[in-house]
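Scroll down for the structure; my scribbles are underneath it.
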Amino acid sequence: MHEKLNEIRSLEGSPRIIKNFLNSNEVEKFLKLYSELPITVNNLKQKVIKKRWLAGFGKEQEQILRDRIKLEIGNFIMDNINEKDGTESLGLFQESFNPIGLHVDGGFNLKDIVYKQTLLPLSNQGETIIFKNRYYGPSTSFTNNESDLKENSLENFKKGKNVRSADHLKMYGDKPFDKSIYDKYLKHENINNLKGLEVEFVYKWNIGDLFIFDRTHLHCSSCNIDGKKIGLATFTKK
């Protein structure tokens, strides 16, 4: 559990969309940057390609991102996973062919005041589901799959990988998840893994937008992917 809960909660707010965050020319520059970055992870099982955006690559794009995010959320500190040599990461590009499951991006230092995360769509393909429910622990993938829960969560945490947990099923009550929403957006999840959860916001991706939400929100992709989607996620703290 994060230590500075009062500070974290005082900064929370509703998810919001910044329209026209990038113009069409700038979108092309971010896509070019993505094509030039080295692959960090190519997970064939999950069908996702991840590219960490290291400081020093794409200085023009970096200035755009930092300055415009600051206009929206005020002062912040980047809180992405850096390279082992200490090189700063500005975010993570992900090219996904499958939906990402239920999780929270709470970080790996429980002394931090986690703040906002942003999503910059670089394709119109994609939807992100934000739940009303919040979690104040580290970055966690929530699952009721017994084999997934056998992973060593402490080792994951030390390595900067998501903890695996079913704690959410004890926290939000026993109300069955809304079947109509499940059928429309979340068929990739086990419906019993969504017990007690309520949807706050469904963001339909649009190139050039910036989507901002609190890092304490449980969230996941929707099941509606036709081909693939590409986006840049950035995480901040105070």
>> Can you go through Phe213, Phe142 and tell me which one is more than 30 Å from Arg66 (Cβ to Cβ), crowded, with 22+ Cβ neighbours inside 10 Å, touching a Lys or Arg at 6+ places or on another chain (Cβ under 9 Å) and aromatic (Phe, Trp, Tyr)?
In response: Phe142
> Is it the case that Leu120 is surrounded by fewer than 22 Cβ atoms within 10 Å (Cβ to Cβ), among the hydrophobic types (A, V, I, L, M, F, W, C) and part of a strand (DSSP E or B)?
Replying inline: no
> What are the pairs, 6+ residues apart or on separate chains, where a residue within segment 28-56 that is modelled with pLDDT of 85 or more has its Cβ under 6 Å from a residue that is assigned to a helix (DSSP H, G or I)?
Replying inline: Lys29/Gln61; Phe30/Gln61; Leu33/Gln61
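Answer yes or no as to whether Asn192 is under 26 Å from Asp148 (Cα atoms), surrounded by fewer than 17 Cβ atoms within 10 Å (Cβ to Cβ), in contact (Cβ under 8 Å) with a residue 40 or more places away in the chain and out of contact with any His (no Cβ under 9 Å at 6 or more places or on another chain).
yes
Do the conditions hold for Gly107, that is, is it crowded, with 18+ Cβ neighbours inside 10 Å, in contact with a Ser or Thr (Cβ under 9 Å, 6 or more places away or on another chain) and in a loop (DSSP other than H, G, I, E, B)?
yes
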> Of Lys19, Lys51, Lys59, Lys70, which residue is closer than 29 Å to Ser153 by Cβ and of a type in the set (Lys, Arg)?
Replying inline: Lys51
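So for segment 148-165 (the condition being β-branched (Val, Ile, Thr) and surrounded by fewer than 18 Cβ atoms within 10 Å (Cβ to Cβ)), does at least one residue qualify?
Taking every residue of segment 148-165 in turn, none turns out to be β-branched (Val, Ile, Thr) and surrounded by fewer than 18 Cβ atoms within 10 Å (Cβ to Cβ).
The values are calculated or read from the model by the stated rules, or taken from the named source; none is laboratory data. Source: prediction; values computed, not measured. Positions of Cβ are backbone-derived with ideal geometry, glycine not excepted, and every protein chain shown enters the neighbour counts.
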